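Student: Structure in structure tokens, see below.
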Amino acid sequence: MRLPNREVWRRIVEPGSALALAAVTLGLGICLTLAAVAVLERLRGQVASQTMDRQTALAQQAVGAEATRYVDAVGDVAASVGAQAELTTGDFADITAPLAAQRLSGASGVVFVVPAERDRYGAVQRFWRGRGAAGLVFKPAPGDPGGTHMFTVFSRNLDGSAPTLAGIDIRNAPQPSAALTEARRTGQTVVSDTYQLLRDRGLPVDQQQMSFVLAAPVYSPVDSAGGRTFRGWILMGLRGQDFISQTLRSTAQDLLGVTLTTPGAGGAQVTVAKLGDGTGADLHRSVSIPVAQQQWGLHTAATATSLPGSGRSLPIGATATGSAISLLLAVLVYVLLSARARALARVADATAQLRGQERAARDQANLLALIMDSISEAVIVVDRSGQLVHHNSAAAPITGPAGDSAWLASQPAYRLDGSLFDTEDLPWTRAAQRDESVDREEMIIGFRGASDGSVLSVNARPLHHRAARPGAVAVLRDVTARKQHEAQLAVASALLEQELAQRRLTEAKLLEQTEELNIFAGVVAHDLKSPLASVAAYAELLQEESAAPPGEPVRADHGDNVDSILRGIERMRRLIDDLLSYATARDANQKIEEIDLNQAVREVVTERTAHLCAGPTHTSATLPLIDIHAVAVTVRADRAMLRQLLDNLIGNALKYTTPGQPAHVEISAERHADGLVKVVIADHGIGIPTTQHARVFDSFHRAHTTGSYQGTGLGLAICRRIVQRHGGTISVDDNPGGGSRFHFTMPAG
């Protein structure tokens with residue numbers, strides 16, 4: 001710049017000219033300052049808008065990535081469950097254990113749901129009880145509507161609250177029920193409409209959240225015919241407020257408000273969660289996030305002054321600085337340093353903007369790195385030649401902290417049978433060079449800094465050819481513990497087989513001993529009856545001697561003694577028969593078959609009353625009256641034992657009657673929903689004292705020891721043994737019309 005000569009300089013600094021020039025300079029300076037402030041204000045608005053877009057994009061990426069991770073987690077669990085040939089409680093616990101370790105934000109729990117038709121409740125319950133769901137009882141939706149019901153079987157709690165109860169019918173809640181139906185129809189992971197989780201409806205209002213569930217169908221592996229069998233669903237509950245709070249904790253610090261909405265009934269948007277209320281915000285953005293089959297909405301709000309690089313301090317400072325510079329120029333207009341000051345101010349503004357852009361780019365890179373490092377499994381990315389391009393922190397024990405591109409040179413990969421993998425057969429090489437998708441390829445790689453022999457399960461997928469650097473991405477999961485568990489299960493299974501074989505041998509020996517005891521009981525009964533027959537013969541001879549022909553004197557009067565001997569012989573015979581029946585009821589082999597209960601009852605009644613009248617339903621006042629009601633059912637029982645049971649109970653009903661009154665017996669039966677038939681034999685006889693109801697089934701116990709009622713005290717004990725050996729129960733109570741009622745149950749045919 002050329003300085004003015006002395007004459008010009010002198011004119012400039014003259015008082016009048018200097019004042020006028022100062023006024024002109026001040027006016028120009030103020031005008032320039034106002035113009036600069038206007039430009040800065042416009043630039044500040046642009047910067048605020050761009051920063052708002054970046055903040056919204058970061059929040060969108062964070063929510064989308066986290067939601068995708070949840071969807072993938074549910075899909076992986078469904079695939080793992082479907083891969084189990086015989087899923088048990090232990091298998092489900094092992095498969096879902098990684099979910100608990102991941103600390104999924106907002107996830108309440110994961111459950112396994114199975115379908116069941118109304119007529120299949122019992123069979124499905126028994127099946128899953130056998131798989132470890134002890135005490136499983138299905139609780140169908142109110143009214144038990146037709147169609148397929150969806151019941152929870154296994155569950156894992158992920159948030160520390162009470163676990164989901166087994167047997168709950170998902171059809172009680174329309175939103176998850178619709179999601180399960182859609183997941184089965186599409187074969188994909190599905191997110192439900194927003195609703196309140198059943199477990200949260202009992203919480204205080206200020207603690208309740210809008211939530212949704214992720215549902216994935218479970219299919220068995222593809223069979224030889226190329227088909228798959230539907231087995232159920234994996235269901236994960238997700239609380240919206242907890243999910244948003246944890247996901248956007250670090251990415252939404254500069255935003256006054258974040259709102260997550262999802263489609264509701266009729267397509268209306270339903271607010272799921274909020275961060276802040278957005279009061280005073282002058283910037284608003286709305287973006288869409290694809291999650292499964294839905295499009296979530298994310299709405300952000302902020303003030304321009306709260307965003308980085310767009311505060312009002314810059315325009316205010318520029319105004320003050322411009323005014324000061326203008327005033328300074330007005331006083332020192334000829335000072336050239338003012339030009340240098342303006343230049344420095346511009347440089348400072350440009351530097352601040354560059355630093356803001358650099359910080360935003362660094363935050364985005366840190367977010368991507370944080371997402372990768374948050375994955376618990378080792379993830380590696382290789383190029384087309386198999387060279388390592390990128391890895392997360394979980395892969396550092398395999399690739400080394402520095403991520404050496406030749407990371408397999410010193411630690412080759414082996415198959416489980418000990419054979420070495422060729423380079424072109426490695427899962428990631430096959431995915432990168434042959435575009436193959438590799439699932440659950442198992443291998444052993446020497447770990448640096450850890451013991452060798454850890455088993456890895458590898459999934460690899462090719463990267464698209466249009467990617468910036470085509471190759472493959474692989475996920476390596478340590479399954480050493482699972483392999484060891486499988487080996488332990490195999491050993492335990494072998495030991496169990498040995499124990500079962502030993503138990504079968506023991507049972508065979510016991511059966512042989514039982515048969516020997518039965519033979520012994522028969523021999524003893526025969527040997528005891530033979531002397532009784534001899535005694536009976538001699539007693540009859542004595543009786544004949546006592547009966548003299550008409551007109552001749554009695555040779556010897558042994559009548560009373562002979563009658564006592566014959567009665568004792570008869571009691572001894574009954575005692576021997578009852579003891580033999582008692583032993584048989586306990587030890588004899590059973591031949592189970594389906595028996596018409598009506599026919600069995602009528603045969604016993606006919607035999608018991610044939611000597612009294614022509615039929616069992618004779619109503620003469622001097623003959624027994626036996627009413628048979630609703631016994632047209634079948635039971636599964638041993639025919640001989642069932643006949644003896646009915647004969648003992650009906651015989652007692654005919655025997656223990658009030659002197660001078662005919663017996664009146666009522667027999668009825670009904671089938672129960674638990675698979676048992678309940679039989680009731682009621683009489684109007686002398687009854688059983690209430691204090692002896694529980695003791696009449698004991699061996700040798702007699703409720704009536706006086707009078708003309710004879711017995712050995714083993715009849716009802718035999719009845720109890722027969723019923724118990726058939727898996728039933730027997731009891732007695734008072735008949736409201738007088739007498740006793742005997743109840744027993746048998747398996748239905």
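Student: Provide the solvent-accessible area of L26, counting protein heavy atoms only and rolling a 1.4 Å probe, rounded to the nearest 10 Å².
Tutor: Counting only protein heavy atoms, L26 exposes about 60 Å² to solvent.
Student: Same structure again: For the peptides 240-247, 42-49, what is the packing order when you average, over each peptide's residues, the other Cβ atoms within 10 Å and list the highest mean first?
Tutor: 240-247, 42-49
Student: Counting Lys +1, Arg +1, Asp -1, Glu -1, what net charge surrounds A178 among other residues with beta carbon under 12 Å of its beta carbon?
Tutor: +1
Student: Diagonalise the Cα gyration tensor of segment 14-122 and give the resulting equivalent ellipsoid semi-axes, square root of 5 times each eigenvalue, largest first, whole Å.
Tutor: The three semi-axes for segment 14-122 are 73, 13, 9 Å.
Student: Express in Å², to the nearest 10, the accessible area of T606 obtained by rolling a 1.4 Å probe over the protein heavy atoms while all chains stay in place.
Tutor: Accessible area of T606: about 70 Å².
Student: Measuring from centroid to centroid over Cα atoms, what is the spacing of segment 104-132 and segment 666-687 in Å?
Tutor: The two parts, judged by their Cα centres, are 37 Å apart.
Student: Could you give the size of the charge dipole of segment 56-107 about its Cα centre, using +1 on the Cβ of each K and R and -1 on the Cβ of each D and E, expressed in debye and rounded to the nearest 20?
Tutor: It works out to roughly 260 debye.
Student: Then there is this: Throw me the Rg/Rh for segment 154-210, computed over C-alpha atoms with Kirkwood Rh, two decimals.
Tutor: Ratio of gyration radius to Kirkwood radius: 0.99.
Student: Over segment 653-693, what percent of the accessible surface lies on carbon and sulfur atoms, probe 1.4 Å?
Tutor: 51
Student: Quantify, in whole percent, the carbon and sulfur part of the accessible surface of segment 77-214 (1.4 Å probe; protein heavy atoms only).
Tutor: 52
Student: Quick one: net charge around Y219, please, counting Lys, Arg +1 and Asp, Glu -1 for every other residue with C-beta under 12 Å from its C-beta.
Tutor: Surrounding charge for Y219 is +2.
Student: Here is a follow-up. Which distance in nm do the two modelled labels at R103 and E486 give, with both placed 7 Å along the Cα-to-Cβ direction?
Tutor: 3.1
Student: Can you order the peptides 189-199, 346-356, 80-90, 454-464 by their average number of other Cβ atoms within 10 Å per residue, highest first?
Tutor: Most protected by this proxy first, the peptides run 189-199, 454-464, 80-90, 346-356.
Student: In addition: Give me the compactness ratio for segment 80-198, meaning the Cα radius of gyration over 2.2 N^0.38 Å.
Tutor: It is 1.06.
Student: So for K483, K655, what's the accessible-area order with a 1.4 Å probe, most first?
Tutor: K655, K483
Student: Ranked highest first by average number of other Cβ atoms within 10 Å, how do 735-746, 715-726, 281-292 line up?
Tutor: Order by mean packing, descending: 715-726, 735-746, 281-292.
Student: So how exposed is F697, as accessible area in Å² (1.4 Å probe, rounded to 10)?
Tutor: Rounded to the nearest 10, the figure is 10 Å².
The values are calculated or read from the model by the stated rules, or taken from the named source; none is laboratory data. Please read these numbers as outputs of a predicted model, since none were measured by experiment. Methodologically, a virtual Cβ is constructed for each residue, glycine included, from the backbone with ideal geometry; neighbour enumeration extends over all protein chains shown. Heads up: the accessible areas ignore ligands, DNA and RNA and are worked out on the full protein's heavy atoms, side chains in. Shrake-Rupley method; radii C 1.70, N 1.55, O 1.52, S 1.80 Å.
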